[in-house]
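Visitor: Quick one: this structure, given as structure tokens, is what I'll be asking you about.
The numbers here are math on the coordinates, done by the rules we state, and not lab data. This structure is a prediction, so every number in the text was calculated from the model and none was measured. Cβ sites come from the backbone with ideal geometry, for glycine too, and all protein chains shown count toward neighbours.
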Amino acid sequence: MVDDDSPDGTAAVIREAFGETDAVRLIVRQGERGLATAIARGIAEARTEIIGVMDTDFNHHPRYLPGGGMRTSRFRYLGSWAFNAFIRTLLGSPIRDNLSGYLVGKSSLFRRLEDKPIYAGYGDYAIRLIYYALQEGMILREVPVIYEFRLGGESKTRFGRQLVNYTRAVLALRFSRGHE
């Protein structure tokens, strides 16, 4: 688990819950911020066969649920649906939800993508990760999740700015030399 020395006490909760067990490793980054680079660090330091990527705010429930969806606002649901349609159209992605950020896979598959420019920005890393995994011929399977309201704290996501960043990421991938 990677924490950017968050003021919400995440590191303290992890230490209390897991202590010095090998089951969960806590990495607290000092002076370094960013979701995508935290994920890259966690993947690089993982010593397990299976790697799971998710926010620890539990907005994406880490369990199988029949059907999936959002229990937040209808506007967010429709916006997410429309942007995913944009991604599928421009990138030819068969994936219905390219924005989830709740990803699980074998560490060997994550490591196959180490040389790709994936882990920058915020949630746009998920768009690039899925894109490059598909380009490498990896088989991806979607498992429905329910996106909930936050249990506490405030989201750092600023949707207008992220929409611009996500659009840039999709267009950069679409018009890159390696796009088929």
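Visitor: By how many nm would the segment from VAL24 to ASP5 lengthen if fully extended, with 0.36 nm per residue of separation less the alpha-carbon distance?
Guide: Using 0.36 nm per residue and subtracting the Cα-Cα distance, I get 5.2 nm.
Visitor: Quick one: putting +1 on the C-beta of Lys and Arg, -1 on the C-beta of Asp and Glu, what dipole do you get for the chain around its Cα centre, in Debye to the nearest 20? Intermediate results must be reported in sequence, preceding the final value.
Guide: Working: 25 positive and 21 negative charges, 151 e Å.
Taking the Cα centre of the chain as origin, the dipole is about 720 debye.
Visitor: Tell me the label-point distance for the pair ARG76, ALA172, using the 7 Å Cα-to-Cβ offset, in nm and rounded to one decimal.
Guide: Modelled inter-label distance: 2.6 nm.
Visitor: From the alpha carbon gyration tensor of the chain, can you work out the equivalent ellipsoid semi-axes (sqrt of 5 times each eigenvalue) and give them in Å, largest to smallest?
Guide: Gyration-tensor ellipsoid for the chain: 26, 20, 16 Å.
Visitor: Cα axis of helix 124-135 to longest principal axis of the chain: angle in degrees, 0 to 90, nearest 10?
Guide: Helix 124-135 sits roughly 60 degrees off the main axis of the chain.
Visitor: I would also like to ask the following. Which distance in Å, rounded to a whole number, links the C-alpha centroids of region 1-53 and region 78-149?
Guide: 21 Å
Visitor: Can you find, among ILE14, PHE83, ALA126, the residue farthest towards the positive end of the dipole of the chain? Put +1 on the C-beta of Lys and Arg, -1 on that of Asp and Glu.
Guide: Of the candidates, PHE83 comes out farthest on the positive side.
Visitor: At 222 nm, what helix-only mean residue ellipticity would the chain give, in deg cm²/dmol to the nearest 500, using -39500 (n - 2.57) for each DSSP H run of four or more?
Guide: Helix contribution divided over all residues of the chain: -12500 deg cm²/dmol.
Visitor: Which of VAL2, VAL143 comes first, and how do the rest follow, when ranked by fewest Cβ neighbours within 10 Å?
Guide: On the way: VAL2 22, VAL143 13.
So the residues, fewest neighbours to most, are VAL143, VAL2.
Visitor: Would you mind counting up the charge near ALA85? Only other residues with Cβ under 12 Å from its Cβ, with Lys and Arg at +1 and Asp and Glu at -1.
Guide: +1
Visitor: Right, next: Return one number: the angle in degrees, 0 to 90 and rounded to the nearest 10, between the long axis of the Cα atoms of helix 35-45 and the longest principal axis of the Cα atoms of the chain.
Guide: Result, in degrees: 70.
Visitor: In a shell of Cβ-Cβ distance under 10 Å around GLU136, excluding GLU136 itself, what net charge do Lys and Arg (+1) and Asp and Glu (-1) give?
Guide: So the surrounding residues net to +2.
Visitor: Can you put PHE18, PHE110, PHE83 in order of Cβ neighbours within 10 angstrom, beginning with the fewest?
Guide: So the residues, fewest neighbours to most, are PHE18, PHE83, PHE110.
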